[in-house]
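Novice: Please see the structure below; I have some questions.
The values are calculated or read from the model by the stated rules, or taken from the named source; none is laboratory data. Everything numeric in this text was worked out from a predicted model, so none of it was measured. Note that we place each Cβ from the backbone using ideal geometry, even for glycine, and neighbour counts take in every protein chain shown. Side chains included, ligands, DNA and RNA excluded: accessible areas come from the protein's heavy atoms. Shrake-Rupley method; radii C 1.70, N 1.55, O 1.52, S 1.80 Å.
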Amino acid sequence: MFQFILRVLFSQRGTASELRSTSYQNHDILGRPFRGTERMGSEIIISDSHTVGSGTYVVGTTETASGTFKMFVHRAGWKCIGATVSSGIIGASAGAGVTLAVGDGTTADKYITAFDVDVAAIATLNVKGHHYTPTTDKIVIGTWSAVVPVAGQVIYYTFRFVA
């Protein structure tokens, strides 16, 4: 064991002034990739879908223009490291003006900047949401633009967190 520790300690390359991340590992010596569980963390993936026109909404009982819908709860202390939202055709026709943004109830586009869902589309985590770690539980909310989406269509979403 002592020999292994010495190999790792003396295997650092570069000069003494070279900057390294706090989680730097020399993979040439360790021979395996970094895993979050080794630093007392674990990855949590939430993958679900939302059917337009179902559920409970802030505005009425069905989805309306400028309405919102609840997706899931972003737990306090979870760091958001990835998000993808995709859809089929949600608007009545191409150019109808239906957009979807995903936020935390305070900032409408905290995770996903409003994107056009009049055509099949996919959007990924924006800069504001990357590594966002709330101190209290936050409800993740989808917000429609000022155009009513077509009932029965589906939004798919996958969020990745480290806790």
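Novice: Rounded, prolate or oblate for segment 66-163? Axes are the square roots of the Cα gyration tensor eigenvalues, ordered a ≥ b ≥ c, and the cut-off for rounded is a/c under 1.5.
Specialist: prolate
Novice: Subtracting the Cα-Cα distance from 0.36 nm times the residue separation, let me have the gained length for Thr84 to Thr124 in nm, one decimal. Walk me through the numbers before you get to the answer.
Specialist: Numbers: separation 40, 0.36 × 40 = 14.40 nm, distance 0.45 nm.
Going from the current span to full extension adds 14.0 nm.
Novice: How much accessible surface does Val148 have with a 1.4 Å probe, in Å² rounded to 10?
Specialist: 80 Å²
Novice: Net charge near Ala94, counting Lys/Arg +1 and Asp/Glu -1 over other residues with Cβ under 15 Å of its Cβ?
Specialist: -2
Novice: Here's another thing I want to ask about it. Whole-Hz Karplus ³J(HN,Hα) for segment 83-89, in order, using 6.51 cos²θ - 1.76 cosθ + 1.60 and θ = phi - 60°, x for Gly and Pro?
Specialist: Working through the residues one at a time gives 7, 9, 10, 9, 8, x, 7 Hz.
Novice: For segment 94-163, what % of the accessible area comes from carbon and sulfur atoms, probe 1.4 Å?
Specialist: 61 percent
Novice: Still on this structure: What residues qualify as long-range amide H neighbours of Val117, i.e. H under 5 Å apart, gap of 5 or more or another chain, H built at 1.01 Å from N?
Specialist: Residues meeting the criterion, in which the H sits 1.01 Å from N, are Val98, Thr99, Leu100.
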